[in-house]
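The values are calculated or read from the model by the stated rules, or taken from the named source; none is laboratory data. Computed from a prediction, not measured in an experiment: that's the story for all the values here. Note: ideal-geometry Cβ built from the backbone for every residue, glycine included; neighbour counts use all protein chains shown.
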Amino acid sequence: MKVLALDKSEVEPEKNQVVMPIVASVKETEVTVSSPEGIEEFSQKGYGVTEGGKLRLGFYEALFLLAKRAIEIKDKKTKEKIVFEDLLKRFQSVDKDAWVRYLIYRDLRSRGYVAREGFGLGIDFRLYERGDYGKGTAKHLIFGIQEGQPVSIEKLARTQRYVQNLKKNLVLAVINRRGEIVYYSLSELNLK
């Protein structure tokens, strides 16, 4: 898969902004934050899952925070600093759609939403409205589709029925070859 270049706004902090990155460690494909201040800061903003006194970040969260220079990642064994491209390659070794999922996650976060890991049937993310994270459940579920990759209508219909039973809204995130994302709300799907 071709990796698109990041623009400077994704990897450079804003002017006059003092950035003190939180140190995280990676063991194979698991990224964790151990410092109490890092755990508190990131969990309040909707990142990661707290387990055993550590904050475990999803790969897309780790890539996003690394690109924003909010974290610095070091290999747990070698103590070497890990750069964005190397971390992405690690994740692509276990998830061929890692780049696509990261692009969707980055786009949602840059629009001010909190996106959390999805669950089953191709749901990539649970999406919380701006300011709603921590106040209830996600109202929208994101289903990522890459241009040129076929998705069966049966799979889409099954996912839509599942989402309707949960009383949520299904949002299709269609990403084109240039990395641009268009969102479509799928309200009802009846096949006869």
How many residues, within segment 22-42, are in contact with a Leu (Cβ under 6 Å, 6 or more places away or on another chain) and small (Gly, Ala, Ser)? 0
Among the listed residues Met20, Met1, identify the single one that is hydrophobic (A, V, I, L, M, F, W, C), within 18 Å of Trp99 (Cα to Cα), surrounded by fewer than 13 Cβ atoms within 10 Å (Cβ to Cβ) and at pLDDT below 95. Met1
One residue is enough: does segment 67-76 have a residue meeting the conditions charged (D, E, K, R), in contact (Cβ under 8 Å) with a residue 60 or more places away in the chain, not assigned by TED's automatic domain parsing to the domain that holds Gly179 and not in a strand (DSSP E or B)? no
The listed residue being over 21 Å from Leu108 (Cα atoms) and in contact with a helix residue (DSSP H, G or I) (Cβ under 8 Å, 6 or more places away or on another chain), out of Glu188, Glu154: Glu188
Any idea which of Asp124, Asp95 is crowded, with 16+ Cβ neighbours inside 10 Å, of a type in the set (Asp, Glu), touching a helix residue (DSSP H, G or I) at 6+ places or on another chain (Cβ under 8 Å) and at negative phi? Asp124
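Does segment 151-163 contain any residue that is modelled with pLDDT of 95 or more, within 28 Å of Gly48 (Cβ to Cβ) and in contact with a strand residue (DSSP E or B) (Cβ under 7 Å, 6 or more places away or on another chain)?
Among the residues of segment 151-163, not one is modelled with pLDDT of 95 or more, within 28 Å of Gly48 (Cβ to Cβ) and in contact with a strand residue (DSSP E or B) (Cβ under 7 Å, 6 or more places away or on another chain), which makes the answer no.
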For residues in segment 86-117 being assigned to a loop (DSSP other than H, G, I, E, B) and more than 21 Å from Val49 (Cβ to Cβ), which is farthest from the chain's Cα centre (by Cα)? Ser93
When (1) farther than 20 Å from Gly134 by Cα; (2) out of contact with any Ser or Thr (no Cβ under 6 Å at 6 or more places or on another chain) are applied to Lys74, the one that fails is (2)
Pairs where the first residue, in segment 94-109, is under 13 Å from Leu63 (Cα atoms) and the second is crowded, with 21+ Cβ neighbours inside 10 Å and charged (D, E, K, R), C-beta under 7 Å, 6+ apart: Arg101/Asp124; Ile104/Asp124
Just checking, how many residues over segment 109-121 are closer than 17 Å to Gln44 by Cα and crowded, with 17+ Cβ neighbours inside 10 Å? 5
Test for Gly144: is it part of a strand (DSSP E or B) and over 12 Å from Tyr60 (Cα atoms): yes
Pick from segment 108-146, criterion closer than 15 Å to Tyr162 by Cα and among the basic types (Lys, Arg), ranking: modelled with the lowest pLDDT: Lys139
